[in-house]
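Every number here is computed from the coordinates shown, using simple stated rules; none is lab data. Keep in mind that this is a model prediction, so the values were computed, not measured. Note: ideal-geometry Cβ built from the backbone for every residue, glycine included; neighbour counts use all protein chains shown.
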Amino acid sequence: MTLNELPKDVTDYFMIHRNFLRNTIIGLIVGLVFIGIIASGSGISIGFPLIPQASEGERFVAVTIGAPIGEEVFFRGMLMPVIDAFIPIPLIHIPIQAGIFGFFHIKAYAGSFDAQAIKSVSGAITGAILFGLIMGTMTAVLRNIWPSIIAHAMVNGYLVTKTFIIIAG
């Protein structure tokens with residue numbers, strides 16, 4: 001597979017088509033690989049924003065289902081095609097959307113844009129940028145957003161579960 005031109009009609013990303021099973025399996029594999037990277041102690045992580053006013057069930061649904069759908073639709077389904085319209089070179093527009101994805105997560109992980117706070121979560125920010133690169137590349141290659149949503153939900157589900165286990169333990 002090669003990096004194909006992004007669909008001009010954004011709705012193409014959301015179609016469930018004959019390659020849905022293949023794309024689902026690819027999303028599952030990519031999700032498992034990224035969970036392995038996080039769990040390996042590589043120093044790359046993904047932060048887990050706390051939602052103090054929400055119950056554990058509400059946090060699980062928000063972070064495992066809501067965030068993957070919302071973030072993938074926005075960053076890979078809307079932002080990436082807009083950047084592509086101005087810079088139609090995948091090797092440029094994929095890193096740009098990944099950088100914006102990482103920047104978006106600074107506030108959630110660090111709590112502020114203070115340099116010391118950002119430094120304390122630099123592994124999580126690096127992880128978010130790397131994750132954005134992987135999800136952007138997968139979306140561009142497969143020309144479909146569902147594998148990225150599936151992988152994102154798996155990674156976030158792992159992080160939520162791990163966080164709940166740590167809190168409970």
Study note, to complete from the structure: Per the C-alpha gyration tensor (a ≥ b ≥ c, the square roots of its eigenvalues), the range 80-139 is rounded if a/c is under 1.5, else prolate if a/b beats b/c, else oblate; here it's prolate
Point to revise | Ranked packing of 83-95, 148-160, most packed first, by mean Cβ within 10 Å | key: 148-160, 83-95
Revision key, fill the gap. At R0 = 25 Å the Cβ-Cβ FRET efficiency linking residue 17 and residue 78, nearest 0.05, sits at 0.80
Study note, to complete from the structure: Inter-part gap, Cα centre of the range 49-124 to Cα centre of the range 18-40, in whole angstrom, is 19 Å
Check your understanding: Taking the simple approach of a point 7 Å from Cα along Cα-to-Cβ for both residue 130 and residue 85, what is their distance in nm?
Key -> 3.3 nm
Review point. Got a sec? Which residues in the range 55-86 would a label at residue 161 touch, if it sits 7 Å along Cα→Cβ and we count backbone N under 16 Å?
Key: 57, 60-65
